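These notes concern the structure reproduced below.
The values are calculated or read from the model by the stated rules, or taken from the named source; none is laboratory data. No experiment lies behind these values; they were computed from the predicted model shown. In case anyone asks, the SASA skips ligands and DNA or RNA and just uses the protein heavy atoms, side chains included. Shrake-Rupley method; radii C 1.70, N 1.55, O 1.52, S 1.80 Å.
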Amino acid sequence: MPYYRVVGEIPRKRHVQFRRPDGGLYAEELMGEEGFSSDSSLLYHRHLPTAIVKAEAVTQPAGARLEPNLPLSPRHFRTQELAGAGDLVTGRILLAGNGDVRLSYATTDQPSELYRNSMGDECVYVQRGRVRFESTYGAIDAREGDYVVVPTGTIHRWVPDGQVNVLAIEAAGHIRPPRRYLSQYGQFLEHAPYCERDLRAPAEPLLAEGEEVPVLVRTRGGLTRLFYRNHPFDVVGWDGCLYPYAFNIEDFEPVVKKTHAPPPVHQTFEGPGFVVCSFCPRPLDFHPESVPIPYNHHNVDSDEFMFYVGGDYSARRGSGIDVGSVSLHPAGFTHGPQPGAVEAVIDAVSRGVTTTSEMAVMVDTFRPLDLGPGALACEDTDYAWTWAR
Ligand SMILES: [Fe+2]
């Protein structure tokens, strides 16, 4: 996280005695990245964060297997057709993934149990609905269009307010704002398409009581359920630069060029082996002879996973792509606008259209994406041939 934050009660100096009203000591815990050499926070617990009383193996849910994208094809998945099951953790339906990132879809109205992903950060994009994110750091009320970034190891749960649909991006490392948006000390620079004011983090402690409280823990080895002697939501205060936060796609400030700008202008986050981009409503390119949709392109080092979340994506009109669709355009294949789309947008501009309403979340990976059972269950198998019709 790029900037320092303090919530609740903390002692004046770090690593000094900090006492509860009954005279006992609060238990200090450091959550830190990269072996004490990167961002961290200090959390002050009412109880020992180390006190577990039981550990249970948990069977890995079926449907977590990936298959290579063979024969190599551009793909179209209709997430609208996927039925919900479980909650926002156990109900994730794997769409695609590789050793760096797993991309899943979930739809549910059920609260999750407490969960800790020890393999990497998560970025959960709320496509539709409202959901309260609760954690040891406090709560965030998330809504449609929010990216909720959850640091590795954060104990949390998701409590939907009615039906909610999300895309879960699970990294095998840390998800951060792009380095080029930040000063050498981590402040967002003026050219960045968002800044600190756009990030919503917990504002107050979240305290809960309980004994022998189960927490589902995900590790590289599989799933375990650890039972904590006391409820993990017992943090009276914390400070530091590592914490969960939400960023809403509506707060992304698109960069517009005279002629067509490539996807890096839409970049929102970076993770090891992938980037996340936000395509938002914006003015169209304004050169008098511009072609204001993408040119045919082959980004030879990337697979491109595009989740269409709103508006009208004119470059794809006629392909069957709709809100809720995911397209996967893999390396090894050149993709571009649908036939006739260039002529159609030039005609629209000539009739006075000056904006695009498209809204999409894109994950570009630098290693090939394999296909999950969720993708194969909702695939539009004619998509690959739509450019040749
Ligand atoms: Fe593309």
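Across segment 373-379, computed HN-Hα scalar couplings (Karplus, 6.51 cos²θ - 1.76 cosθ + 1.60, θ = phi - 60°) run x, x, 5, 5, 6, 10, 7 Hz from first to last residue, x flagging Gly and Pro.
Put simply, the Cα atoms of segment 239-319 extend 52, 28, 23 Å along their principal axes, the longest span coming first. Can you pull the percent of Cα pairs in the chain with separation above 38 Å? Counting every Cα pair in the chain, those more than 38 Å apart make up 22 percent.
Rolling a 1.4 Å probe across all protein chains gives residue 251 an accessible area of roughly 50 Å². By how many degrees, 0 to 90 and rounded to 10, does the Cα axis of helix 341-350 deviate from the longest principal axis of the chain? Its long axis makes an angle of about 80 degrees. Calculated mean residue ellipticity, 222 nm, the chain: -1000 deg cm²/dmol, from DSSP H runs (n ≥ 4) at -39500 (n - 2.57) each, averaged per residue and rounded to 500.
Computed over all pairs of different Cα atoms, the Kirkwood value for the hydrodynamic radius of segment 249-388 is 15.8 Å. Here the gap between residue 60 and residue 347, fully extended at 0.36 nm per residue and compared with their Cα-Cα distance, gives a gain of 98.1 nm. Normalised by the number of residues in segment 249-388, the average gap of Cα pairs under 8 Å and 6 or more apart makes the relative contact order 30 percent. Rolling a 1.4 Å probe over the protein heavy atoms of segment 143-206, with every protein chain left in place, gives an accessible area that is 46 percent carbon and sulfur.
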